[in-house]
Amino acid sequence: MNVPDRVELFAVRWPEVLPGDDLCQLTLESTALRDGDVMALTSKVVSKAEGRGVSADRGEIIDAESVRVLARRGDALIAETRLGLVMAAAGVDASNAPAGTVLRLPVDPDGSARSLRERLHTATGVNVAVVISDTAGRAWRMGQTDMAVGCAGIAALVDLQGSTDAQGQLLSVTAPAVADELASAADLVKGKATGRPLAVIRGVGGQVLRVGDHGPGAAALIRRREDDLFGLGAREAATAAGLRDDAVALAHFPAFSGADSPPFTGLTSTHENVAATVTSSAAAPKTAAEWVVRVDVHRDADEHAWLHAGALLERARTLASAHRLREAEPTRQGRPDTGWRTVGCLGFVLA
């Protein structure tokens with residue numbers, strides 16, 4: 001890995017970017033690039049140019065852009081996007097957007113970076129790298145930094161495993177996220193409300209790949225779910241895992257509060273001869289509450305229905321654990337008609 005002795009950063013001011021604007025032309029009109037430069041461009045201007053702004057309910061757009069919710073507390077939501085990125089509000093943002101409009105992430109940020117890099121080389125003969133960045137929070141750390149959601153012409157991740165440090169010790173897990181480091185550094189001069197969406201990083205030419213080699217893109221920085229020690233996120237993800245029968249540890253989740261979705265939402269039967277019923281009552285909000293889950297099986301049910309009924313009861317206990325509810329004697333429930341038999345009736349109260 002080539003480590004430069006000196007790096008220069010400078011930001012470039014642009015006019016307001018509109019749908020259909022040519023980012024290559026804007027770049028050529030605003031700065032003179034050199035071989036080995038790295039362009040760090042905010043994803044918002046890419047989204048604007050690509051027409052990714054939409055006038056619609058922000059919540060609906062967030063849901064449409066999400067494939068998995070990891071945490072939700074009131075209006076705050078952390079979700080995995082269709083690109084595999086885990087971000088607040090699935091990367092949907094209303095800042096620096098026209099009133100009443102929200103911006104979605106580019107459809108293919110790596111593709112957008114490759115296209116811009118190729119067009120700049122065709123126009124100028126200069127070999128540069130392109131990083132498309134967005135702002136994100138970090139687990140265990142306060143504040144936000146910029147990270148790469150797309151890049152071309154640079155190795156987003158440099159695996160140093162197998163090399164040695166200055167003392168000759170073998171490196172086993174070191175892999176600098178170079179594209180993220182460049183994105184974060186560039187934000188020092190771009191700012192958030194300065195009208196300077198582009199920064200040029202000069203002095204890291206040793207990191208820029210040859211013409212035609214775009215590298216694997218920022219997709220290489222997305223940790224695979226199966227390799228993520230904390231991939232479940234908060235309660236919402238644990239709840240989904242419980243409904244999917246994933247064998248996961250569900251202890252140490254936040255206690256249920258009135259701002260949360262009902263704990264047994266989604267607990268439904270998929271078998272025609274099995275019925276799952278959830279009832280709730282709040283005797284005193286925030287101090288006492290009770291949920292009753294009852295599972296009934298029809299008299300004509302086969303063995304698969306009975307197995308499904310048992311699984312539903314275990315899922316109910318899993319979901320209760322995710323919400324830190326404790327099992328208690330259920331309130332009296334009316335029996336189903338004579339054609340059905342109650343397999344189990346579970347009661348849960350706030351821990």
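Bear in mind that the values in this text are calculations on the coordinates, not laboratory data. Computed from a predicted structure; not experimentally measured. Note that each Cβ is placed from the backbone with ideal geometry, even for glycine, and that neighbours are counted across all protein chains shown.
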| query | Whole-Hz Karplus ³J(HN,Hα) for segment 213-223, in order, using 6.51 cos²θ - 1.76 cosθ + 1.60 and θ = phi - 60°, x for Gly and Pro? | reply | 9, 8, x, x, x, 5, 4, 5, 8, 7, 6
| message | For a quick check: with amide H placed at 1.01 Å from N, whose amide H comes under 5 Å from A94's, ignoring anything fewer than 5 positions away on the same chain? | response | L103
| Any idea how far apart A328 and R299 come out in nm if each label point goes 7 Å out from Cα toward Cβ? | 3.5
| task | Please express the Cα-Cα pair-distance distribution P(r) of the chain as a list of whole percents, one per 10 Å bin, running from 0 to the bin with the greatest distance. | result | 5, 20, 24, 19, 14, 11, 6, 1, 0
| Roughly how many debye, to the nearest 20, is the charge dipole of the chain about its Cα centre, given +1 on each Lys and Arg Cβ, -1 on each Asp and Glu Cβ, and no other charges? | 700
| task | Output the relative contact order of the chain, whole-number percent, from Cα pairs under 8 angstrom with separation of 6+ residues. | result | 17
| Which helices, counted as full DSSP H runs in the chain, have an axial Cα extent of no less than 24 Å and a Kyte-Doolittle average of 0.0 or above? | 303-322
| query | What does the charge count near T101 come to, summing +1 for each Lys or Arg and -1 for each Asp or Glu among other residues with Cβ under 11 Å from its Cβ? | reply | +3
| Which residue, G153, G100, G217, has the most motion in a Gaussian network model of the chain that connects Cα atoms within less than 10 Å? | G100
| Sequence of F256, F264, F230 once ranked by neighbouring C-beta atoms within 10 Å, starting from the fewest | F230, F256, F264
| message | Given the -39500 (n - 2.57) contribution per DSSP H run of 4+ residues, what per-residue ellipticity at 222 nm results for the chain, rounded to the nearest 500 deg cm²/dmol? | response | -7000 deg cm²/dmol
| Which residue, chosen from S55, A275, L120, occupies the Cα position most advanced towards the positive end of the dipole of the chain, where the dipole is computed from +1 (Lys, Arg) and -1 (Asp, Glu) charges on Cβ about the Cα centre? | S55
| task | Treat the count of other C-beta atoms within 10 Å as a stand-in for reagent exposure and order D134, D5 from fewest to most. | result | D5, D134
| said: Using a Cα-Cα cut-off of under 16 Å, which aspartates and glutamates could be cross-linked to K44, ignoring same-chain neighbours fewer than 8 residues away? | reply: E16, D21, D22, E65, D93, D108, D110, D134, D146, D187
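For segment 42-144, state the average projected area of the convex hull of the C-alpha atoms over all orientations, rounded to one decimal in nm².
Directional mean of the projected Cα hull area for segment 42-144 stands at 7.7 nm².
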| request: For every other residue with a beta carbon closer than 13 angstrom to the beta carbon of V274, add +1 if it is Lys or Arg and -1 if Asp or Glu, then tell me the sum. | output: -1
| Restricting the count to DSSP beta bridges whose residues both fall in the chain, what percent are antiparallel, rounded to a multiple of 5? | 90
| Farthest toward the dipole's positive end in the chain, which of S184, V204, W306, given Cβ charges of +1 (Lys, Arg) and -1 (Asp, Glu) about the Cα centre? | S184
